[in-house]
Amino acid sequence: MVETDSEGRDKKVTRRQFARGFVLAALAAATGSLLSFLKLLAPSKKGGGYVATVAAGDRLVYAGGNRQGSLLKASEFKAGDAVLVYPEGKSGNEANLVQLIRLEESEFKAPTRKELTDQGFVAYSAICTHLGCIVGWIKDKKDPEASYIECPCHNSIFNPEQGARVMGGPAPIPLAQIGVKVSADGTLVFTSGFSGPIGPQV
Amino acid sequence: MIAKWFDERLDLKKFKEKFLNKAFPAHPTFLFGEIALFSFITLVITGIFLGLFYEPSTGQVSLFGAMVPAAYASVVKIDLLPMGVIIRRIHHWSAMIMIAAIIAHLARVYFTSAYRKPREINWLIGLSLLAVTLGAAFTGYLLPYSQFSVTATSIAYYIAKSVPWAGDWISRLLFNGEFPAHGTVPRFFFLHVMLIPIGLITLIGAHLLVLVKQKHTEPKANSKRKAAQGGRRLIGIPVWPEQSYISVSLFFFLLFVVVLMATYIPLNPIERYGPPSPVTPVMRPDWYFLPIYGFLKLIPGDLSFTLLGSKITPEAIGGVFFPGILALILVAIPFLDRASSPQNYIENPLHRPFMTSSGIAGAMLLFMTTVSGYIDVLHIAPASMAIYVVVVTAAAWVVSYLLLRLYSRAAKKGEHVKS
């Protein structure tokens, strides 16, 4: 028996309905097979991101300038001086970039970890925790105590005397501290890895 | 003779009657769209020149004895070609003019309410054109692979990564991995020289087709003349010859201005930025990204919360939600301010207090967030600047609204007296 609708028409699929369904099915199949390309277009391979490889015992070298790659001497820094440094032999990885600052030893306050400082030398990750620019040292020549770390991109300000606490701007967390000490031959050596997360917190 | 040969085969007379007689309402504010189009043409021509020499690779090569990325080296070499630096600057200037012209065009359409029925479709195509053009500008930032390029792109990478829920995937899709990945430059190059231009050409074509089909809006003053003529046709000058003369003159004059600026005003001096290095200089994006850049500076770092299992960071608020909400408002405008019957006349902005003052407030918001990009030079604390932004934007709305209300009431009274 043939099924019919209320008006007595044949309930079988018409040619047009079949054609429409066929096109939709083909479209769905083609789209589905192409979806796998989306995964291909967004590789998950770790080509970036900040993974620091600095370790205790690495010596400090200049990150830029004329003396790029040469060892730092503690005696060349006065209170209020700062420089960007890399651990020796590990300058290919920007995550290892460190802002080294020399301050008066008496000026350190919590939450600075004093055991990670030596003779006024304190070091922080140089990668801004906002959007990953390299921070800079804003030196106040008249009043060294008023100097601070500032990111040139969106003006996040960090206080080097207080564990790089965020004093203003959009950075969500402080720069991670890293241990340094002056070794017997007057060069500087890292004594730890970073104390916290580095780079943008997204 | 030649025209006749083609006419016999292609029936050009019919084409001329149909399209070359299309009427243009002659009004100077109707030229912004053309300026955008002509800038695009200049961009394509200069882009072809640059593309013949550019090398989309971050592999290290030797340049004057130093090892630098191949992309950077190839752009330095372009600058050293005869006229090379001028052509690169023409390209950059044209991009800025194109964006400015699109925004001016959008403002003209907004303030005269030309987005209303039946022109909602072209409003949306126009907004897509703005978005895709900004995409073209952004992908172009990275290509010289200077310190500026890498810093700007890195910031954008982390903004993309901060998109709630899907940020990780979106950032890897756009940047072909985690920036700085080797795949980013080739992908941006292909987007910049192939996909985005194809998208722009398609959208421009659609924009013009809809325009030809729907015709321009025209000044209200035309309505009486039209009524007297008893016709529905638009009053204006025909595409050929009048409008074509204006357009061609405009194109060459624009080219003259751009070449003049490119010759005397340096832009993006990559030799001064240098190749990527571990020092971020103080730098700002081109003017059209300044509102987002400034807004990012205003969001305090501790302003973050969790929403439906995803962390909403300050970066997402400034870099994703702020431009996203602005874009949504623009998209929604023709569906909020609707006309019941097709509108073909320019509305006088002075007679639309709410919409006009909202437009002025929107422009003021963009201006104040641009100023926020300079708080480091102006020595203003982010919190105070945020207050200024809100207060000035709100004040702009209230003052312009009240003034326009007064004006339109006085104008109505005047009409009443006259009649």
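The values are calculated or read from the model by the stated rules, or taken from the named source; none is laboratory data. Computed from a prediction, not measured in an experiment: that's the story for all the values here. As a convention, Cβ positions derive from the backbone with ideal geometry for all residues, glycine included, and neighbour counts pool all protein chains shown. For accessibility, only protein heavy atoms count, side chains too; no ligands or nucleic acids. Shrake-Rupley method; radii C 1.70, N 1.55, O 1.52, S 1.80 Å.
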Open item on the list: Taking the condition of being within 10 Å of chain A (Cβ to nearest Cβ) and in a helix (DSSP H, G or I), how many residues in the stretch B:151-199 meet it?
Closed with: 21
- [ ] Test each condition in (1) within 14 Å of another protein chain (Cβ to nearest Cβ); (2) at pLDDT below 90; (3) open to solvent by 40 Å² or more (accessible area, probe 1.4 Å) for B:Ala221 and report the one that comes out false.
- [x] (1)
- [ ] Return a yes/no flag: does the stretch A:95-102 have any residue that is over 19 Å from the mean Cα position of the chain (by Cα), away from chain B (no Cβ under 14 Å), closer than 28 Å to A:Gly169 by Cα and open to solvent by less than 40 Å² (accessible area, probe 1.4 Å).
- [x] yes
Task: Subset of the stretch A:53-66 [away from chain B (no Cβ under 14 Å) and either without any contact (Cβ under 8 Å) to a residue 24 or more places away in the chain or open to solvent by 30 Å² or more (accessible area, probe 1.4 Å) (or both)] - done: A:Thr53, A:Ala55, A:Ala56, A:Gly57, A:Arg59
TODO: For A:Phe190, state whether it is assigned by TED's automatic domain parsing to the domain that holds A:Val135, of a type in the set (Phe, Trp, Tyr) and touching a residue at least 40 places away in the same chain (Cβ under 8 Å).
DONE: yes
- [ ] Determine whether B:Arg405 is surrounded by 12 or more Cβ atoms within 10 Å (Cβ to Cβ) and basic (Lys, Arg).
- [x] yes
Open item on the list: Against the definition (in a helix (DSSP H, G or I), aromatic (Phe, Trp, Tyr) and in contact with a His (Cβ under 6 Å, 6 or more places away or on another chain)), how does B:Phe32 come out, yes or no?
Closed with: yes
Task: Unique residue being more than 12 Å from every other protein chain (Cβ to nearest Cβ), of a type outside the set (Lys, Arg) and touching a Gly at 6+ places or on another chain (Cβ under 9 Å) when the list is B:Pro314, B:Pro291, B:Pro323, B:Pro278 - done: B:Pro291
- [ ] Scan the stretch A:132-141 residue by residue and report those that are within 10 Å of chain B (Cβ to nearest Cβ) and not in a strand (DSSP E or B).
- [x] A:Gly132, A:Cys133, A:Val135
Open item on the list: For the stretch B:265-275: of the residues being over 23 Å from A:Gly69 (Cβ atoms) and in a helix (DSSP H, G or I), which is nearest to the other protein chains (Cβ to nearest Cβ)?
Closed with: B:Arg272
Task: Lone qualifier among B:Ala332, B:Ala339 - being open to solvent by less than 50 Å² (accessible area, probe 1.4 Å), within 19 Å of the chain's Cα centre (by Cα) and not assigned by TED's automatic domain parsing to the domain that holds B:Leu406 - done: B:Ala332
Open item on the list: What's the number of the only condition in (1) among the hydrophobic types (A, V, I, L, M, F, W, C); (2) surrounded by 15 or more Cβ atoms within 10 Å (Cβ to Cβ); (3) in the same structural domain as B:Ser74 (by TED's automatic domain parsing) that B:Leu260 fails to meet?
Closed with: (2)
- [ ] Confirm whether B:Thr42 is buried (at least 20 other Cβ atoms within 10 Å of the Cβ), more than 18 Å from the chain's Cα centre (by Cα) and part of a helix (DSSP H, G or I).
- [x] no
Open item on the list: Looking at the stretch A:49-78 only, could you name the residues that are farther than 15 Å from A:Gly179 by Cβ and of a type in the set (Asp, Glu)?
Closed with: A:Glu76
Task: Filtered residues of the stretch B:359-391 (kept if of a type in the set (Gly, Ala, Ser), crowded, with 18+ Cβ neighbours inside 10 Å and away from chain A (no Cβ under 14 Å)) - done: B:Gly359, B:Ala361, B:Gly362
Open item on the list: Suppose we keep only residues that are without any contact (Cβ under 8 Å) to a residue 40 or more places away in the chain, open to solvent by 10 Å² or more (accessible area, probe 1.4 Å) and closer than 18 Å to A:Val83 by Cβ within the stretch A:142-176. Which one would you say is farthest from the other protein chains (Cβ to nearest Cβ)?
Closed with: A:Tyr148
TODO: Considering only the stretch B:63-76, state which residues are surrounded by fewer than 16 Cβ atoms within 10 Å (Cβ to Cβ) and touching a strand residue (DSSP E or B) at 6+ places or on another chain (Cβ under 8 Å).
DONE: B:Met67
- [ ] Can you run down the residue pairs with Cβ atoms below 9 Å, 6 or more apart or on separate chains, where the first is in the stretch B:339-352 and more than 15 Å from B:Pro219 (Cα to Cα) and the partner is among the aliphatic types (A, V, I, L, M) and crowded, with 18+ Cβ neighbours inside 10 Å?
- [x] B:Arg352/B:Leu404
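Could you check how many residues of the stretch A:79-94 are open to solvent by 10 Å² or more (accessible area, probe 1.4 Å) and at pLDDT 90 or above?
Residues meeting the conditions: 8.
Against the definition (within 30 Å of B:Pro276 (Cβ to Cβ) and within 19 Å of the chain's Cα centre (by Cα)), how does B:Leu208 come out, yes or no?
No; evaluated as a whole, the condition is false for this residue.
Count, please, the residues in the stretch B:45-55 that happen to be open to solvent by less than 40 Å² (accessible area, probe 1.4 Å) and of a type outside the set (Ser, Thr, Tyr).
3
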TODO: Looking only at the stretch B:1-28, count how many residues are surrounded by 14 or more Cβ atoms within 10 Å (Cβ to Cβ) and touching a helix residue (DSSP H, G or I) at 6+ places or on another chain (Cβ under 9 Å).
DONE: 9
